[in-house]
Amino acid sequence: MKAIERFYQYLEYKGIKPTRFEKDCGLSNGYLGTQLKRNGTLGEDVLNKIIDNCRDINPVWLLSGQETMLKNIPYETNSDINFVSEEPAEYNKQLVPLYDIKTLSSAEALFKDTNKETPLGHITIPNLPKCDGAIYASSDSMYPLLKSGDIILYKKIAATIENIYWGEMYLVSLINDDQDEFIMLKWIHKSEKGDEFITLSSENKHHQPKDFNITAIKGLALVKASIRINEVY
């Protein structure tokens, strides 16, 4: 197995789409697939991008297939390969604030850079992707994938068409035609109504998809992880 094939294995393990990695790293659409078909190798520039952006990947494993895929899994080795220093401790120990939507001053408060809302507490998970906050799911729109009471961890992004990864799940703050403010969990797809519109759809098939102009979106965050607590009585 070649390095690029191992990288595809890593992306699959992490649930990351190759197109998403390409966009985040400024690579052309389909670049990884082209490289795989052409000669099955990764150039030095791409290797550096992988190391810089996939901080938990083990470069020894990526290059040689030896050791384990992720850095944080202990492995005895005499290898002298040393691409980069270990991931900063603070990355593993990030504290993600957990908010209660019902107590927020406004729905948009979650998405502001100057968020001063008081969290219920903080969540810490080793090797969690960078997150800005967490909330409890409060509807059945994403059932059975998510259910009410699950914790959703998210990363804020600018509410523009260019920042959207089509087909991904988002936390969306919007204002409807009646000027009512909502926060909802939805898949975002391209709309047939034009480039300035998006389609919000649910996992729950009883919820119908709906198109909105991007200007109605006041806050946008990519869902990075979810937590389900199963109570035992």
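The values are calculated or read from the model by the stated rules, or taken from the named source; none is laboratory data. These figures come from a predicted structure and were not determined experimentally. Here the Cβ positions follow ideal geometry from the backbone for every residue, glycine too, while neighbour counts run over all protein chains shown. Only protein heavy atoms, including side chains, enter the accessible area calculation; ligands, DNA and RNA are left aside. Shrake-Rupley method; radii C 1.70, N 1.55, O 1.52, S 1.80 Å.
Suppose R0 equals 35 Å. What FRET efficiency, 1/(1 + (r/R0)^6) with r the Cβ-Cβ distance, do residue 180 and residue 94 give to the nearest 0.05?
0.55
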Added length on full extension, which subtracts the Cα-Cα distance from 0.36 nm per residue, residue 51 to residue 136: 27.3 nm
Solvent-accessible area per residue for the range 104-233 (1.4 angstrom probe, square angstrom): 57 Å²
Cross-link list 116/193; 71/186; 190/224: which exceed 31 angstrom alpha carbon to alpha carbon? 116/193; 71/186
